[in-house]
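**Q** I'd like to ask some things about the structure below.
The values are calculated or read from the model by the stated rules, or taken from the named source; none is laboratory data. Owing to the predicted nature of the structure, the values given are computational and were not obtained by experimental measurement. Note that each Cβ is placed from the backbone with ideal geometry, even for glycine, and that neighbours are counted across all protein chains shown. For accessibility, only protein heavy atoms count, side chains too; no ligands or nucleic acids. Shrake-Rupley method; radii C 1.70, N 1.55, O 1.52, S 1.80 Å.
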Amino acid sequence: MNLNKLAAYFLPAFAMFSISALTMFGAFGTDKENLAIFSLSLIIVYPITFIIQGVSCAIHHYSVIPAIGISLIAFIIIFFVVIGGNNTIYGVYYFALFGAGYGITYMLRRMKK
């Protein structure tokens, strides 16, 4: 497996695990600052990584199922095990953004041909 494929499959999972670990261990200062960083990553960083993952899968013709599967399993681990919340709407939102990134890139590539 080459480096591009690893990045395409594991980018959102790595981002979720690393930001969650850093905020849990207080790497950004006080509890309030860590919560702000985590909230910001929920709204901005994670969706961007899912869009990038979808675009990367469409450009390189990688399989969609393993890519989204790995990312959604990471989401489940972070939100249901570590945080203990029931935020399934974020999973749907991230899945939709992955689909949008993949679909738009796929259609643009088809129009070029």
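**Q** Suppose we keep just the alpha-carbon trace of the chain; what are its Rg and Dmax in angstrom?
**A** 15.0, 53
**Q** Among 6, 89, 43, whose Cα sits farthest toward the positive end of the charge dipole of the chain (+1 at Cβ of Lys/Arg, -1 at Cβ of Asp/Glu, about the Cα centre)?
**A** Positive-end residue among those listed: 6.
**Q** Under unit Cβ charges (Lys, Arg +1; Asp, Glu -1), what dipole magnitude, rounded to 20 debye, does the chain have relative to its Cα centre?
**A** Values: 6 positive and 2 negative charges, 132 e Å.
Using Cβ point charges on Lys, Arg, Asp and Glu, the chain gives about 640 debye.
**Q** Each residue of the stretch 67-79 in turn: what ³J(HN,Hα) in whole Hz from Karplus with 6.51, -1.76, 1.60 and θ = phi - 60°, glycine and Pro shown as x?
**A** Karplus-based 3J(HN,Hα) across the stretch 67-79 equals 5, 6, x, 4, 5, 6, 5, 4, 4, 4, 4, 5, 7 Hz.
**Q** Also, I was wondering about something else. Leaving out ligands, DNA and RNA, and with a 1.4 Å probe, what % of the accessible surface on the stretch 6-108 is carbon or sulfur? Show your work: numbers first, answer last.
**A** On the way: 4420 of 5590 Å².
After summing per-atom areas, the C and S share lands at 79 percent.
**Q** Here's something else I'd like to know. List the residues whose amide H sits under 5 Å from the amide H of residue 62, counting only those 5 or more places along or on another chain, with H placed 1.01 Å from N in the peptide plane.
**A** Those qualifying (amide H under 5 Å, at least 5 residues apart or on another chain) number zero.
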